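Participant: The structure is given below, and queries will be raised subsequently.
Only the coordinates and a few stated rules stand behind these numbers; no lab work does. Note that the structure is predicted; figures quoted are calculated from it, not measured. Cβ atoms come from the backbone with ideal geometry, glycine included; neighbour counts cover every protein chain shown.
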There are 2 protein chains.
Amino acid sequence: MRDAEQTRQLILSVASEEIRKSGFVATSLSTILSQCNISKGALYHHFANKLELGYAVFEEMFTPMFLSMWEPAVTQDDPIEGLIALFSSFADDVSCEDIICGCPLNNLCQEMANVDEGFRLRILAMQQKVNTLIAENLRRVSDQLRNDIDFSQVSYFIVSVFHGSSNLSKSTQNKALFETVMAELCRYINSLKR
Amino acid sequence: MRDAEQTRQLILSVASEEIRKSGFVATSLSTILSQCNISKGALYHHFANKLELGYAVFEEMFTPMFLSMWEPAVTQDDPIEGLIALFSSFADDVSCEDIICGCPLNNLCQEMANVDEGFRLRILAMQQKVNTLIAENLRRVSDQLRNDIDFSQVSYFIVSVFHGSSNLSKSTQNKALFETVMAELCRYINSLKR
DNA sequence: CTTTCAACAGACCGACCGGTCGGTTAAAAT
DNA sequence: ATTTTAACCGACCGGTCGGTCTGTTGAAAG
């Protein structure tokens with residue numbers, strides 16, 4: 001009957017979904033508890049406090065999510081085509097609900113970076129990891145690209161567009177705006193080729 | 001002695017600064033009251049509730065701020081040079097504290113667009129106004145630009161980069177990253193020329 | 001001088017928050 | 001069969017929040 005690890009995973013799963021939808025602060029423990037059908041005692045048996053739960057969600061749920069999104073796109077033979085395919089398919093496949101929620105990394109950065117150092121450092125590490133991932137894979141095919149490219153700069157630029165557009169789209173509640181910006185982003189990425 | 005309008009402006013001023021720094025939800029009325037040295041009765045004499053205060057801050061403080069930032073840049077003779085000058089000077093002049101706070105429009109969009117319809121519609125209107133402003137002024141000089149440009153798309157793209165980069169920079173707590181992305185943005189804008 | 005009312009003061013309220021703690025239960029170890 | 005303890009329960013706590021309401025005050029109008 002009792003399975004501590006399963007309970008822990010249930011908490012992480014429900015908490016990550018709730019944080020994704022409502023943010024960290026707005027997510028109340030009581031909401032998580034009722035969705036999990038567990039008591040407050042159970043939650044505090046597995047996590048020291050709300051902040052530690054948030055860190056666990058970031059590390060065990062969000063981090064794999066980010067990497068599984070960016071990594072396949074840039075590690076393939078042609079990272080340029082990989083990124084274009086990623087953004088194109090993203091614009092096609094993303095649900096209206098996802099648009100409303102936005103990217104969890106971007107959301108948490110905005111909400112928590114100034115509030116909690118633990119979150120800030122985790123977010124920073126993740127951003128740098130993504131940036132390195134993109135930059136190094138672009139450098140890998142630098143012979144196919146213009147020779148005036150600052151790979152790190154371009155990489156941060158790309159991520160900025162992605163996060164900025166997903167944020168902009170929150171006010172329209174539909175993905176039309178997101179698709180528009182992604183189209184321009186693909187055009188930009190294509191212009192990196194020599 | 002008593003000056004109702006002055007009190008109202010004081011409240012708006014303190015509230016806008018606090019919302020800019022901490023967001024709408026995290027800004028408590030007690031903080032505003034103590035900074036204004038007024039009572040809760042005074043605040044509720046001028047504003048029906050916290051939400052109405054937030055709307056007033058958006059309309060009377062933030063909206064003029066946004067317009068005064070974007071308008072002069074694009075309405076000048078050469079909007080391309082205007083935008084580049086804007087982003088360059090912004091990267092130079094912005095304080096570390098401003099970076100940490102981020103753009104109020106972007107912040108409110110992220111925080112409130114999914115939570116309150118009143119905020120969402122106001123933010124949406126502002127975004128569309130800025131987009132129209134940029135797009136129409138680019139179209140004005142379209143003879144100097146490439147002929148394959150979708151002005152609205154490019155305009156949303158530019159704003160996305162700006163907001164995305166100011167958000168990214170929150171995790172680093174310094175403006176180096178912001179400067180980097182602004183540099184790439186200026187390069188992108190230059191590439192619009194024919 | 002008196003009246004009137006906008007402008008303000010601040011005690012108070014219920015709701016909700018994260019967190020604590022003593023008690024219970026189920027299952028593994030002996 | 002008994003003991004032990006990890007896993008879980010849920011009542012309770014202090015604190016903060018937005019919001020209400022009664023009362024006071026100052027200045028303008030009559």
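Participant: Using a Förster radius of 30 Å, what is the FRET efficiency between B:ASP148 and A:SER28 based on their Cβ-Cβ separation? Nearest 0.05, please.
Facilitator: 0.05
Participant: What are the residues whose amide H is under 5 Å from the amide H of A:LEU145, where those residues sit 5 or more places off or on another chain and H is modelled from the backbone?
Facilitator: A:ARG194
Participant: Oh, and also: Quick one: pull the percentage of alpha-carbon pairs in the range A:55-190 with a separation above 21 Å.
Facilitator: 42 percent
Participant: Let me ask something additional. Sort A:HIS163, A:HIS46 so the one with the fewest other Cβ atoms within 10 Å of its own Cβ comes first.
Facilitator: A:HIS46, A:HIS163
Participant: Taking every Cα atom in the range A:1-114, find the radius of gyration and the maximum pairwise distance Dmax, and write them in Å.
Facilitator: Taking only Cα atoms of the range A:1-114, I get Rg and Dmax of 16.5, 51 Å.
Participant: A further question on this structure: By its C-alpha gyration tensor, with a ≥ b ≥ c as the square roots of the eigenvalues, how is the range A:145-188 shaped: rounded for a/c under 1.5, else prolate for a/b larger than b/c, else oblate?
Facilitator: Oblate shape, in that a/c is at least 1.5 and b/c is the bigger or equal ratio.
Participant: In this model, which of A:LYS175/B:LYS170; A:LYS175/B:LYS129; A:LYS129/B:LYS170; B:LYS21/B:LYS129 are farther than 21 Å apart at the alpha-carbon?
Facilitator: A:LYS175/B:LYS170; B:LYS21/B:LYS129
Participant: For q values of 0.28 Å⁻¹, compute log₁₀ I(q)/I(0) with the Debye formula on a Cα-only model of the range B:10-72, without solvent.
Facilitator: Log10 I(q)/I(0), no solvent term: -1.26.
Participant: Here is a further query. Give the angle, between 0 and 90 degrees and rounded to the nearest 10, that separates the Cα long axis of helix B:63-75 from the longest principal axis of the Cα atoms of chain B.
Facilitator: Helix B:63-75 sits at roughly 20 degrees to that axis.
Participant: OK, next. Expressed in whole Å with the largest first, what are the equivalent ellipsoid semi-axes of the protein assembly as shown derived from the C-alpha gyration tensor as the square root of 5 times each eigenvalue?
Facilitator: Equivalent ellipsoid of the protein assembly as shown: 34, 31, 17 Å, largest first.
Participant: Tell me, what HN-Hα J-couplings in whole Hz come from the Karplus equation 6.51 cos²θ - 1.76 cosθ + 1.60 at θ = phi - 60° for each residue of the range A:121-127, using x for Gly and Pro?
Facilitator: Ordered by residue, 3J(HN,Hα) equals 5, 5, 5, 4, 4, 5, 4 Hz.
Participant: For a bin width of 10 Å, list the pair-distance distribution of the range B:42-91 built from all Cα-Cα distances, rounded to whole %.
Facilitator: 24, 31, 21, 16, 7
Participant: Here's something else I'd like to know. Can you put B:LEU86, B:LEU51 in order, fewest other beta carbons within 10 Å first?
Facilitator: By the 10 Å Cβ count, ascending: B:LEU51, B:LEU86.
Participant: Right, another one. Given the rotation that superposes chain B on chain A, what residue of B brings its beta carbon nearest the axis, and what is the distance in Å?
Facilitator: Reported as residue, whole Å: B:GLY164, 1.
Participant: Counting other beta carbons within 10 Å of each residue's own, what order do B:ILE38, B:ILE32 fall into, fewest first?
Facilitator: B:ILE38, B:ILE32
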